[in-house]
Amino acid sequence: MASVHESLYFNPMMTNGVVHANVFGIKDWVTPYKISVLALLYEMTASKITLPERRRLNKLILPLQQGPDLTLGQFLQTVEECCPQTAYAVKLRLHEMADGELKDMEYFFSTLPTPFTAFDSEAYKTSVVGLFMRHMLLAYNKLSFSQVYKLYKSLQHYYHSHYAKPTDGQVGLPALVADDSDMDLTSTEDNAYLLKNDENKALKPAALQEELNNMLKFNPDFAEAHYLNYLNSMRVQDIFLSAHSLLHYFDRLILSGSEGKSNGDEGYGRSLRYAALNLASLHCRFGHYQQADLALQEAIRIAQESNDHVCLQHCLSWLYTLEQMKGSDSTVLTEDSVKMAAHFCLPYLASLGIQSLVQQGATQGKTAHKLMDALKDTDILHWKHSLSELIEISLAQTTSIWRMYGKSTMALQQAQLLLNMSSLEPVNFSVQQNNTEAFTVALCHLAELHAEQGLYNAVSEILRHLKEQFPPHSQHAKLWMLCDLKIQFERHMNEGKYHLAELLVTAISALNKTEGLYRKAQVLKALNRSTEAYSILQQLQVRCEKTKCTEMVIRVMLSTAELHWESSGFSTALPLLLQALALARQHHLQSLASETILHLAFTQLMLGVPEQALSVLHEAIEPVLAHGAVMDKGRALLLTARCQMAVAGFRPNGQGQAVLAVDTLNEAAAYFSKLNCKERLRDVHYLQAQLHRSLGQTSQCNKSAMLFRLLDQELQSPAPPVSMRL
């Protein structure tokens, strides 16, 4: 079964392919409680109070600013204990805003003393009060109209809930109950955060789209809503709406000037270059490489004009990613990117570049110890800078590399390590950090590893969790969908249900064209439609050689050799198998090398040299039994038994080899029974009957013959010649 390591993309921007420039700058600064604290500071500055009262209030300021939000009753009681006169003034100020109109709250903010000019008051810019007021004013000025309205409604609810009296059927419930969505100032920000960290807790795509449409109808210049629309559209792969929303977001951002006055005219240029960079990432995501290249070149040009080295480094990262996606050798570009990222102290991009180099090295045949050493060095960097997302990617990448090399035990260990790792990132909104692409890849590896061992109940549990954690509309769902289809396909093929396997080919092709072609060729070969299978395999080999997909090239060579067997062209299969073996060893693909050796041994057996075939088998049998799938173990043992039987037939005193073949066949039968592989079991029982008869064991011969007969009747299909398949 092909591994899923190629599905782990090393995207330099990581979050849906988006370069974030602190889109949502509004934090939890502007709340009704903090407006109450602001009103207290204003009244302290505007009114005359005694020195003892002022001292008591000054001691109270810091706890009120930095402590948890209090209810209005608790707040007023605390202030009243220090200065009743100020508490009354604050209550009156809040009453004017809450019982008035929106303009009354806006007027209050406009009359606040400026921290930079109030030298003779507590609002001086270097004081605690001045810093607090500055944060409040900056956050308030960044609010859009709809957010200011939500703040006003929230203030009304905060004020009136204090004076609400419980009715007969209620105990302490506020009289004025507002909609939770109206009270939530950060609902837009929350959904953006949840789309990045846990899509399941965000609104469904259709519901979120409806909310966004209503919001944009009310305020079409709400830039953040366009950005969230962009993220939501990407969830459902709507390229038109995602591109449309992205362009609208940057247009509104530039028009609103929300990047701040400190940037001056530079704010416009910065938005333009990041707009082009995000557009490039969007086209990369949908496979539009030409459009992505044009957008990327535009981003590079604007960044060079502005001398923005950070943006240029992001562009370079996307450039080598784009070249890699197109199948070109981007090693030099990647190395340059790593050097420049290190020079500008950008550890995130430098680490991603090294991980990308490791991925390229794995596909180019680099030795395992060099790749693991590189990953070890990056892991030190990750832990040093607390880059937990990159730690997860590193573990998933290591899992994929071990699977590619055929070391299933090591791959299993790395996947378990990732799944049991505690994330370093702060977790908000009850979000668990187990919904990233790295976790998806690790779980898919686990599902395939369990399927290879015939543990289908465990596979069902893993896939059930994947379906719950990554619903079909989520961005990583394609990974487990393809994994699920491949597992079903292999299971049907093992059980001889080729008609069911054929039905899955179309679905696999929709998710991965290369895998779909390979599975189609396998089904056609099993259905004895050799001409069609050969045509597809030739087409697939050209495709894979162009994209440098070495694993699939080797698998295609092995399948082509099997087609030669069907026409008894064993000698013509030898050059192809030797070429496949050289390629597998060159790229250190142990599992494929062992599979190729099995094919070579079978070919030698058919050519009449069983001693040589048995000698070759000893080289492959150990790694197959240690790391191979159950099906591979059964096939290897069945082939070994056939070689032992052939050697015993040529030797005058070959009874020892025949006795060994009995045990080998029994072990092969156990493996095939685990997979419910009845066609293979029929072959085993046929050979067992022959072997027992040659040894004069009549009762065992009759038992094996009976088992063969029962399976033959159950399968209701003619048994293919045992000599024609491995």
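Evaluation of L527 against the conditions (1) within 28 Å of T363 (Cβ to Cβ); (2) of a type outside the set (S, T, Y); (3) modelled with pLDDT under 95; (4) open to solvent by 20 Å² or more (accessible area, probe 1.4 Å) shows that the sole unmet condition is (1). The residues listed here are K407, K366; of these, the one that is open to solvent by 30 Å² or more (accessible area, probe 1.4 Å) and either at pLDDT 90 or above or closer than 23 Å to H343 by Cβ (or both) is K407.
Of the candidates L563, L617, L581, the single residue that is at pLDDT 90 or above, part of a helix (DSSP H, G or I), under 30 Å from S328 (Cα atoms) and in contact with a Ser or Thr (Cβ under 6 Å, 6 or more places away or on another chain) is L581. Within the range 67-85, residues that are farther than 11 Å from H162 by Cβ have Cβ atoms under 6 Å from residues that are open to solvent by less than 80 Å² (accessible area, probe 1.4 Å) and among the acidic types (D, E) in these pairs: C83/E53, counting only partners at least 6 apart in sequence or on another chain.
Whenever a residue of the range 625-636 is in contact (Cβ under 8 Å) with a residue 24 or more places away in the chain, its partners that are assigned to a loop (DSSP other than H, G, I, E, B) and open to solvent by 20 Å² or more (accessible area, probe 1.4 Å), lying with C-beta atoms within less than 8 angstrom and at least six residues away or across chains, give the pairs H627/K407; A629/M1; A629/Q453; V630/Q453. Every condition in (1) open to solvent by less than 70 Å² (accessible area, probe 1.4 Å); (2) at pLDDT 90 or above holds for C549 except the one numbered (2). In the range 531-552, the residues that are not assigned by the TED database to the domain that holds E566 and assigned to a helix (DSSP H, G or I) form Cβ pairs under 7 Å with partners that are open to solvent by less than 80 Å² (accessible area, probe 1.4 Å) and charged (D, E, K, R), at six or more places apart or across chains, as follows: A533/K525. Looking at this structure, is H473 more than 24 Å from K201 (Cβ to Cβ), at pLDDT below 85 and open to solvent by 30 Å² or more (accessible area, probe 1.4 Å)? So H473 does not fit the description; no.
Scanning the range 440-477 for residues that are over 23 Å from M410 (Cα atoms), in a loop (DSSP other than H, G, I, E, B) and not small (G, A, S) yields F470, P471, P472, H473, Q475, H476.
For the range 118-161, filtered to residues that are assigned to a helix (DSSP H, G or I) and aromatic (F, W, Y), the residue that is modelled with the lowest pLDDT is F145.
Restricting attention to the range 381-404 and to residues that are surrounded by 22 or more Cβ atoms within 10 Å (Cβ to Cβ) and aliphatic (A, V, I, L, M), the residue that is farthest from S591 (Cα to Cα) turns out to be L390.
The values are calculated or read from the model by the stated rules, or taken from the named source; none is laboratory data. This one's a predicted model, so the numbers in the text were calculated from it and none came from an experiment. FYI the Cβ positions are ideal-geometry reconstructions off the backbone, even for glycines, and counts take in every protein chain you see. Note: accessible area is taken over every heavy atom of the protein model, side chains too, but ligands, DNA and RNA are not part of it. Shrake-Rupley method; radii C 1.70, N 1.55, O 1.52, S 1.80 Å.
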